[in-house]
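The values are calculated or read from the model by the stated rules, or taken from the named source; none is laboratory data. Keep in mind that what you see is a predicted model, and the values were worked out from it rather than measured. We place every Cβ from the backbone using ideal geometry, glycine too, and count neighbours over all the protein chains shown.
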Ligand code: ATP
Ligand code: MG
């Protein structure tokens, strides 16, 4: 891939770490040197520092049968014991594990000792329902304490969980249950969203009615008291099962490569893939990255990741990474604008949150709502901010740091995927001089390259493909039930190396900038243009809150740039808006990048994990009926865009 070199994103001087912060930072610069000198030795060190092994491993990595890796060979552990029991055993049972905040305002504080008892009871309850090591359990729950308990109970038993996002339809749930052949489904009556009770159990009933021969029981958490249909003999109340279960459970040790979970990717680019993760390597890398990238100390920090447990971020940075570190964290059930658009900031103030991890889509939404909402609250407890999921445009990065981080907090833009299991490219707070909009450097222990079509490293400044050249502990071990798709998708394009599917370039300092999916790269009159760069140019205009750019077939230029923008709160579209935005892009990147058309929209189509679905916008721009919309949060968004498109194009 050769894209037009641009300078827009490289501008802005790096922000050096604050000396006071650096002096007490968890991460130290020598991590890079140690990892570079002896990568496997470095991972062995991390494995012993962050994880308690019942049987020590004999080899760090077995890569004799690529792309099938075995990490920490011979090691045995129990993941749930690492996340819960060992903190209680170390005398920290009274420490708060979870500050739960329900959307209606109800709260619940769960200490590590209480979490320990809940997980043990749940493990016994699952055993009573026939769940054994090697089985799969589907979890279809919103953000509740029980969701975390359910995942840990599976881990404790050596059964793999498959969490299905609570917003998915019965069809999506049915296909995921059957793909994994789950024995048990754990769900709840319902939850709260935007001030109203929702229901989940009906979707499970419908999913099972479509045929799910592997499922023998449904375990139902009571959350909001909504009426549920009941299938005698199949359905069991969670609270009754846990009450009946013994409060003690003796945990077994499992092999480092015992499956921990299957999780389906978000489906931005096509049919979701059932990504398989195992135990030892996954826990090592999630624990190590949580500690170093977020600069956390259990005694000092209150951590909050706003993701849903239905996504990999919820797995790695709500459940496994933070709990392995014995952190205190916030779990919030609802939406950021209930009862008002300052809900998140009221939570930060209330619990004195010190580390906040969220997604660019949320930051851009807050920008659109305006600064008055965060301004209502005392956010001075925040020390470190994180971002994940998409490119964070420099404009959004600067807003996040200035408005939420008081111009003071480091921001870790973390690049990783469901497949990588844990963070891969990110600055280290206190060590790395930060650049707005760049994920910057592979973490110590990770090796990444930007290469051309032939697999050769591209010169700095030139765009190419992001590849991972060495295996890493939390790497996926396969696609569930589809060995060939695993090899074809990730390992065939550049043999021996992992192809991430994302475009990237290095700047003059060697820092990495993500450029969007390679499928989304446009070719305009022979010039390759990156969606991410044009979107960032649009978002840098003071009127624009969010932008999505796609390439549409064009008779003269091959492809033409078509942009969809959301204006910031208080900005109305005027007669000159579109022309002004086109000129702004031309000024920022060059005339070649000027969008052929720009449509001002109220919402953009997003996956349920908050990512922009460019393939649907491409359909609209090319006057096709939009394709599969089942992973969209709100399919009416597409109707509105399609209706408005005739006038705009
Ligand atoms: P599918 O693979 O089914 O299309 P998906 O790729 O959206 O779905 P995820 O694994 O949740 O599913 O997302 C990983 C992708 O998100 C990365 O490949 C990358 O494109 C994007 N991404 C994540 N973090 C960042 C980041 N910090 N900067 C830029 N892009 C990011
Ligand atoms: Mg992907």
If only one of 536, 530 is closer than 20 Å to residue 450 by Cα, touching a residue at least 12 places away in the same chain (Cβ under 8 Å) and surrounded by 24 or more Cβ atoms within 10 Å (Cβ to Cβ), which one is it? 530
Any chance region 311-322 includes a residue that's farther than 23 Å from residue 361 by Cβ and buried (at least 24 other Cβ atoms within 10 Å of the Cβ)? yes
Counting just the residues of region 7-51 that are outside any helix (DSSP H, G or I) and in contact with a strand residue (DSSP E or B) (Cβ under 7 Å, 6 or more places away or on another chain), which one comes out farthest from residue 324 (Cα to Cα)? 14
Select from region 488-508 the residues that are more than 12 Å from ligand 1 (Cβ to nearest atom), in contact (Cβ under 8 Å) with a residue 60 or more places away in the chain and surrounded by fewer than 24 Cβ atoms within 10 Å (Cβ to Cβ) and list them in ascending order. 491, 496, 507, 508
What are the residues in region 258-306 that are within 16 Å of ligand 2 (Cβ to nearest atom) and closer than 21 Å to residue 390 by Cβ, if any? 263, 264, 265, 266, 267, 268, 269, 270, 271, 272, 273, 275
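Yes/no per residue for (1) modelled with pLDDT under 90; (2) touching a helix residue (DSSP H, G or I) at 6+ places or on another chain (Cβ under 7 Å); (3) in the same structural domain as residue 268 (by the TED database); (4) farther than 30 Å from residue 358 by Cα:
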| site | (1), (2), (3), (4) |
| --- | --- |
| 545 | no, yes, no, no |
| 567 | no, no, no, no |
| 581 | no, yes, no, no |
| 594 | no, yes, no, yes |
| 629 | yes, yes, no, no |
| 635 | yes, no, no, no |
| 640 | yes, no, no, no |
Search result, residues across region 33-64 that are in contact (Cβ under 8 Å) with a residue 24 or more places away in the chain and farther than 21 Å from residue 290 by Cα: 54, 55, 57, 61, 63
Consider only pairs whose beta carbons are under 8 Å apart and that are at least six residues apart or on different chains; among these, list those whose first residue lies in region 168-181 and is without any contact (Cβ under 8 Å) to a residue 40 or more places away in the chain and whose second residue is in a helix (DSSP H, G or I) and crowded, with 17+ Cβ neighbours inside 10 Å. 173/203; 173/204; 173/207; 174/207; 174/208; 177/207; 177/208
